[in-house]
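What follows is a short report on a single structure.
Just so it is clear, none of the values below were taken in a lab; they were calculated from the coordinates. Treat the numbers as computed from the prediction; the structure is a model and nothing was measured. Methodologically, a virtual Cβ is constructed for each residue, glycine included, from the backbone with ideal geometry; neighbour enumeration extends over all protein chains shown.
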Amino acid sequence: DQQVKQNSPSLSVQEGRISILNCDYTNSMFDYFLWYKKYPAEGPTFLISISSIKDKNEDGRFTVFLNKSAKHLSLHIVPSQPGDSAVYFCAASLRRGGADGLTFGKGTHLIIQP
Amino acid sequence: DSGVTQTPKHLITATGQRVTLRCSPRSGDLSVYWYQQSLDQGLQFLIQYYNGEERAKGNILERFSAQQFPDLHSELNLSSLELGDSALYFCASSAMRGNEQFFGPGTRLTVL
């Protein structure tokens, strides 16, 4: 049973436009959510996180939105840049920061077109 | 560079064998996590250690075990290897329980 789902395996966006990556979860006990970015042959890199008590968190070009009632979160990247091309993983934790391990989605491959 | 190191980078072995993967966390981080990334299952949490003690277990097989040493480095031991154990194994660390996790570059294990 997949508790964190990223339903779009890939997404293509033009450079300069907004990239929106989506994630759904089923476990209402999840308390903390994180986004990671991964390039080939590297480990995942932490991008941004959000606690379940908030509905938005912003860091530069990256904004994460959380809709608890819909069990849905999204990552917005504005403006999209060529270096943003990577696989993005949504992750959830029962505690802040994944103290008991993170549950990951299967990732969305973001391709930024010039 | 996350500051987390993993060795070896690649490992090729045969079914039935035993291997040890090594991880050094970021300086000062007390928590170490192990994850397995396979093609069909994605990234799955295996086990967590905090300051030498096991703190949480995920989908770790009984053939797998881990430990964290006094200098805080960790080892993941995989035994009686099967073809299906071929995967990328990532180690992550965090400063204390509850902080964001920082991942190493991974060890690619191939079981032939």
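What are the extents of the Cα atoms of segment B:9-88 along their three principal axes, in Å, largest first?
Each principal axis gives a Cα extent; for segment B:9-88 these are 35, 23, 22 Å.
Looking at segment B:39-112, which trypsin sites (Lys or Arg not before Pro) are DSSP coil and have at most 16 other C-beta atoms within 10 Å of their C-beta? Could you put the intermediate results ahead of the total?
Values: sites: B:R55, B:K57, B:R63, B:R97, B:R108; in loops: B:R63, B:R97.
Passing both the DSSP loop test and the Cβ count: B:R63.
How many percent of the alpha carbon pairs in chain A exceed a separation of 22 Å?
Values: 1672 of 6441 pairs.
The calculated P(r) of chain A puts 26 percent of pairs beyond 22 Å.
For the protein assembly as shown, with equal point scatterers placed on the C-alpha atoms only and solvent neglected, what are the log10 I(q)/I(0) values from the Debye formula at q = 0.07, 0.15 1/Å, to two decimals?
Listed by q, the Debye log ratios stand at -0.22, -0.98.
Any idea how far the Cα center of segment A:66-114 sits from the one of segment B:14-68, in Å?
A separation of 23 Å, based on Cα centres.
Using a Gaussian network model on chain A with a 10 Å cutoff between Cα atoms, which of A:L73, A:L21, A:L47 fluctuates the most?
Of A:L73, A:L21, A:L47, the Gaussian network model singles out A:L47 as fluctuating most.
Return the lysines within reach of A:K71: Cα separation strictly under 29 angstrom, same-chain partners fewer than 8 residues apart disregarded; answer none if there are no such residues.
Cα-Cα hits under 29 Å: A:K5, A:K37, A:K38, A:K54, A:K56, A:K106, B:K57.
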